[in-house]
Amino acid sequence: MRYAQTSSARKKIKAWLNKYDENILIDKDIIAKRKAPEPPPKQEPPQPPPSLADGDEIVRQVFDAKRMKFRVGDEKNMMIHIAQCCSPVRGDDIMGYISRGRGVIVHKRECPNLKNMSEVVDRSIEVEWETEFPKLTKRFSVTSKRTYDLFGEIEGALRKFKGHLIEGRLHDDEEGKLMGTFTMEVEKEDDFKKIIKSLKTIPSINTISEVK
């Protein structure tokens, strides 16, 4: 993930980590938790892809953390992670939560999980989106026939107009159709319109609309 950015913010994080977790290592570049080396994972034999007729739910998610940048004051040496429970994207109102071993976790400010976290008042910190990249972040939703290549077709349409897929999720509805929400970056509004027009030509897609 990217790194956040205020000397006071950094001191607050250091103080909390030093007080509550002796196994935290803090240096000028990262906040990382010391852990013993893990044995290499067991190699599982390759599994054949599921057939379209087996009724299993198709779920796939992509997330490009490198495209996300944040600022905590002026400090740039803090490890930042995106909360998977609410998956904020640029433009959302956000806040940081100082975790044990993972640095600052960025949540949407209205994320319901924040209310259930311990010491949320003492461990919260203000976080802002970094604005050095003036690209547009756009969301759109699709419904589609059941297919295993929808991600590839969508990514291909984005690349044609210099779009970049940040996040995408697909799941089955009760009728077996695919529903998904995608987040992308584009250079300008006109590129987004061209991408949507291109996506509408994909035979498997039934509907597509922008998510405001």
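Condition check ((1) touching a strand residue (DSSP E or B) at 6+ places or on another chain (Cβ under 9 Å); (2) within 30 Å of Ile202 (Cα to Cα)) across all residues:
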position: Arg123; (1), (2): yes, no
position: Glu126; (1), (2): yes, no
position: Thr137; (1), (2): yes, yes
position: Thr143; (1), (2): yes, yes
position: Gly156; (1), (2): no, yes
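Quick test of your reading of the structure: Glu189 fulfils all but one of (1) under 16 Å from His81 (Cβ atoms); (2) not assigned by TED's automatic domain parsing to the domain that holds Ala83. Name the failing condition by number.
It is condition (1) that Glu189 fails.
Would the range 173-193 turn up any residue that is exposed (fewer than 15 other Cβ atoms within 10 Å of the Cβ) and among the hydroxyl-bearing types (Ser, Thr, Tyr)?
For the range 173-193, residues exposed (fewer than 15 other Cβ atoms within 10 Å of the Cβ) and among the hydroxyl-bearing types (Ser, Thr, Tyr): absent.
Just for the range 106-136: of the residues that are in a strand (DSSP E or B), of a type outside the set (A, V, I, L, M) and at pLDDT 85 or above, which one is surrounded by the most Cβ atoms within 10 Å (Cβ to Cβ)?
Let us first name the residues in the range 106-136 that are in a strand (DSSP E or B), namely 106-108, 124-125, 128-129, 136.
Okay, now just the ones that are also of a type outside the set (A, V, I, L, M), so 107-108, 124, 128-129.
Now drop any that are not at pLDDT 85 or above, which leaves 107-108, 124.
Details: His107: 25, Lys108: 18, Ser124: 18.
Among them, the one singled out is His107.
The values are calculated or read from the model by the stated rules, or taken from the named source; none is laboratory data. Since the structure is predicted, the reported quantities are computational estimates derived from the model, not experimental observations. Here the Cβ is made from the backbone with ideal geometry for all residues, glycine too, and neighbour counts use every protein chain on show.
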